[in-house]
Amino acid sequence: MAYPFRITPSLGPDVTQKFAPQAFYDGANAIGAPSYQLGSVVRGVDGGEYFWVVATADIAATATTGTQVVMTPATKSIATGAGGFYTPPGLAILTGEAVHVRRGAFNANPT
């Protein structure tokens, strides 16, 4: 699938977009914590599991599979390394940007 999309019913960015971390609320008059925060986990239509995290260093783009990264669950952050999670293909990520990372490469069956 060229462009997977989120099937988990929650507010937030698409699984192939990047943003500065921000809050997504459930309505114009929402009170309290945002509904979509760093560390949120969603499923994609491709069966993949996606984690919303922030980059602690610049991450170069990789065309087909996405760039492999290491995720630190305690800080909900990522950095380049052999961690089994992948950024969206062809998407360079700058320090401080938030993005969904997929468990397993984007061109592979879900793990």
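Points worth noting:
- Here the Karplus relation 6.51 cos²θ - 1.76 cosθ + 1.60, evaluated at θ = phi - 60°, turns the backbone of segment 93-110 into coupling constants of 10, 9, 3, x, 7, 9, 7, 7, 10, 9, 6, x, 4, 5, 9, 10, 5, x Hz, with x for every Gly and Pro.
- Radius 13 Å from Cβ of Val101, net charge of other residues (Lys, Arg +1; Asp, Glu -1): +2
- Stretching the chain fully between Asn109 and Ala74 yields a gain of 9.9 nm (0.36 nm per residue, less the alpha carbon separation).
- Residues Thr56, Thr75, Thr67, sorted so that the one with the fewest Cβ neighbours within 10 Å comes first: Thr75, Thr56, Thr67
- Compared with the alpha-carbon gap, the fully stretched path from Ala63 to Val45 is longer by 4.4 nm at 0.36 nm per residue.
Just so you know, all these numbers are worked out from the coordinates, no wet-lab data involved. As the structure is a prediction and not an experimental result, all values here were calculated from the model. Cβ coordinates were reconstructed from backbone atoms using ideal geometry, including for glycine residues, and neighbour counts include every protein chain displayed.
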